[in-house]
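K.L.:
Quick one: the structure is below, questions incoming.
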Amino acid sequence: MAAVSGSVRLQRCVVSPAGRHSASLIFLHGSGDSGQGLRKWIKQVLNQDLTFQHIKIIYPTAPPRPYTPMKGGISNVWFDRVKISNDCPEHLESIDVMCQVLTELINDEVQSGIKKNRILIGGFSMGGCMAMHVAYRNHRDVAGVFALSSFLNKTSAVYQALQKRGGELPELFQCHGTADELVLHAWGKETNSVLQSLGVSTTFHTFPGLYHELSTETWSKQN
């Protein structure tokens with residue numbers, strides 16, 4: 001299997017703030033998508049671009065790699081996995097490499113003058129899972145984390161890291177639809193419950209009838 005190097009610089013779709021840049025939001029797409037694709041999808045849902053007065057939005061694109069659920073086909077994914085399920089081991093090798101790559105993105109923001117506690121990281125589906133790994137295993141001093149239609153595996157390295165080391169943790173915001181057939185609502189709810197038991201302050205919003213998708217209701221809960 002081809003490996004993704006930790007020295008990879010991610011392609012980035014950036015939406016600049018209308019005013020002075022004083023905070024940054026890193027928004028990670030789901031499997032097979034791109035930063036530009038996620039931005040377009042959000043624009044379709046909102047009927048306008050997602051913009052803020054002082055927050056820069058960064059939509060990075062995961063580098064292409066072989067993806068086991070696609071029988072080894074090449075896809076823009078943050079990490080590999082055996083299958084889309086919460087009861088199988090994580091592919092930590094690929095997850096850890098991407099944690100390094102995303103750390104470089106965070107460091108770029110810090111070097112530009114944005115404090116770590118003014119950086120939010122989150123994502124949709126696989127992107128939300130990746131964000132939780134980055135924040136709770138490597139960058140516990142970020143402003144917050146959000147995960148939309150996302151989950152962690154039952155034996156996730158995130159849980160193990162939180163069990164070993166306490167301290168102040170960024171707050172987690174989650175949204176999940178009850179009709180999601182790809183990432184079950186129960187998986188997202190279980191993730192939230194376990195993280196809460198490990199000391200994470202969480203908010204979990206359930207959307208009846210919502211599939212594996214973004215919606216205007218999701219955005220209203222975030223604003």
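K.L.:
Taking H as built 1.01 Å from N, whose amide H comes closer than 5 Å to the amide H of THR178, not counting residues under 5 places away?
P.N.:
Amide H neighbours of THR178: PHE207, GLY209, LEU210.
K.L.:
If the cut-off is 20 Å between C-alpha atoms, which aspartates and glutamates fall inside it for LYS83, apart from same-chain ones fewer than 8 positions away?
P.N.:
Partners found: ASP33, GLU93, ASP96, ASP180, GLU181, GLU190, GLU213.
K.L.:
Identify which of GLY127, GLY209, GLY188 has the largest mean-square fluctuation in a Gaussian network model of the chain, with springs joining Cα atoms closer than 10 Å.
P.N.:
Maximum fluctuation in the GNM of the chain, among the listed residues, is at GLY209.
K.L.:
Can you give the helix-only mean residue ellipticity at 222 nm for the chain, where every DSSP H stretch with n ≥ 4 adds -39500 (n - 2.57) and the sum goes over all residues, rounded to the nearest 500 deg cm²/dmol?
P.N.:
-10000 deg cm²/dmol
K.L.:
Here is a further query. Enumerate the residues in the range 106-129 having an amide nitrogen under 17 Å from the point lying 7 Å beyond the Cα of ILE84 toward its Cβ.
P.N.:
What the label zone holds, given the 17 Å backbone N cut-off, is 123-129.
K.L.:
What value in Å³ per residue do you get for the convex hull of the alpha-carbon atoms in the range 81-186? Before the final figure, lay out each step's value.
P.N.:
Values: hull volume 10.3 nm³, N = 106.
Looking at the range 81-186, the number lands at 97 Å³ per residue.
K.L.:
Could you give me the ³J(HN,Hα) list for the range 114-121, computed from phi with Karplus coefficients 6.51, -1.76, 1.60 and θ = phi - 60°, whole Hz, x at Gly and Pro?
P.N.:
Along the range 114-121, the couplings run 8, 5, 4, 7, 10, 10, 9, 9 Hz.
K.L.:
Let me ask something else about it. Treating the beta-carbon of each Lys and Arg as +1 and of each Asp and Glu as -1, no other charges, what is the dipole magnitude of the chain about its Cα centre, to the nearest 20 debye?
P.N.:
400
K.L.:
Also: Tabulate in residue order the Karplus-calculated ³J(HN,Hα) for the range 74-83, using 6.51 cos²θ - 1.76 cosθ + 1.60 with θ = phi - 60°, rounded to whole Hz; enter x for Gly and Pro.
P.N.:
7, 8, 7, 10, 6, 7, 9, 7, 5, 7
K.L.:
Which whole-number percent is the relative contact order of the range 66-179 (Cα, under 8 Å, 6+ apart)?
P.N.:
Once normalised by length, the contact order is 23 percent.
K.L.:
Right, another one. Just to compare against my own numbers: the Cα pair-distance distribution for the chain, 5 Å bins, whole % per bin, please.
P.N.:
P(r) over the chain, rounded to whole percents: 1, 7, 15, 21, 22, 18, 12, 4, 1, 0.
K.L.:
Another question, if that's okay. By its C-alpha gyration tensor, with a ≥ b ≥ c as the square roots of the eigenvalues, how is the range 13-117 shaped: rounded for a/c under 1.5, else prolate for a/b larger than b/c, else oblate?
P.N.:
Oblate, because a/c is 1.5 or more while a/b does not exceed b/c.
All of the numbers you see were taken from the coordinates with simple rules; none came from a lab. As the structure is a computational prediction, the values presented were derived from the model and not from experiment. Counting neighbours? That spans all protein chains shown, and the Cβs are built from the backbone with ideal geometry, glycine included.
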